C-alpha cells in the first residue's frame, strides 16, 4: 500500500483530483429550460442541505461551456441516474443541448423530466454562492419523485452500480 501526502496547490491539481476520486458519488443529470431550448449537464456534486425547508445543492464549474445556461436558471430538475442510464449520463456530459437520445417531457415550468431515473428533485433556485472555480446552486425542492432500483455510481474515473437492499 502506497500512501501519498501533499499540500493542494495548482501544480498538484491532478493528485488532488485523484484523492477526491476516492470518494464514490452518485451520478445526476441537471436539466433546465432556456430561451434556446432544453439544456442538461451531468453532475456528481449533489447533496442534501436541509429537510425543513427542503433544500439540495449542486456545483457548477465556472469554466463549463454550460455555465451560461445554468448559472441564472430559476427552475431546474436534478435526476438521480439509474445504473442502466450510464450512456445517457455520458451523452449529456458531452452535449447538453442534444436530447434526441433521451425520453423526456416538460413540466409546468418547462423543466425537462427524464424518464426512468431513480429520483428527481424539481427545484426553484434559492441561493447561489461563489466557491473558487465553481458556483454552488442551492435549490428549494418543490416536488420529488423516486423509485426502487440500482443507482449509477462514479468513483476513481469509473462507473458502477449499487444494489438496493429493499
Extend 7 Å from the Cα of residue 145 along its Cα-to-C-beta direction; within region 94-122, residues with backbone N under 16 Å of that point are 102-122
At 222 nm, what value in deg cm²/dmol follows for the chain if DSSP H runs of at least 4 each add -39500 (n - 2.57) and the sum is divided by all its residues, to the nearest 500? -3000 deg cm²/dmol
Rank the residues 80, 43 as a footprinting-exposure proxy: fewest other Cβ atoms within 10 Å of their Cβ go first. 80, 43
Round to the nearest 0.05 the FRET efficiency obtained for residue 63 and residue 110 when R0 = 41 Å and r is the Cβ-Cβ distance. 0.95
Quick one: Cα centre-to-centre distance for region 32-63 and region 86-151, in angstrom? 7
Quote the relative contact order of the chain in percent (integer), defining contacts as alpha-carbon pairs under 8 Å separated by 6+ residues. 26
To the nearest 0.05, what FRET efficiency results for residue 98 and residue 6 with a Förster distance of 41 Å applied to their C-beta separation? 0.60
Which residue fluctuates the most in the chain, going by a Gaussian network model with Cα springs under 10 Å, if the choices are 53, 38, 112? 53
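Can you compute the FRET efficiency between residue 52 and residue 23 using 1/(1 + (r/R0)^6), with r the Cβ-Cβ distance and R0 = 45 Å? Round to the nearest 0.05.
On the way: r = 27 Å, r/R0 = 0.60.
That gives a FRET efficiency of 0.95.
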Give me the Å³ per residue figure for the convex hull around the C-alpha atoms of region 1-62. 160
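Values in this text are rule-based calculations from the coordinates and carry no lab data. Owing to the predicted nature of the structure, the values given are computational and were not obtained by experimental measurement. Note: ideal-geometry Cβ built from the backbone for every residue, glycine included; neighbour counts use all protein chains shown.
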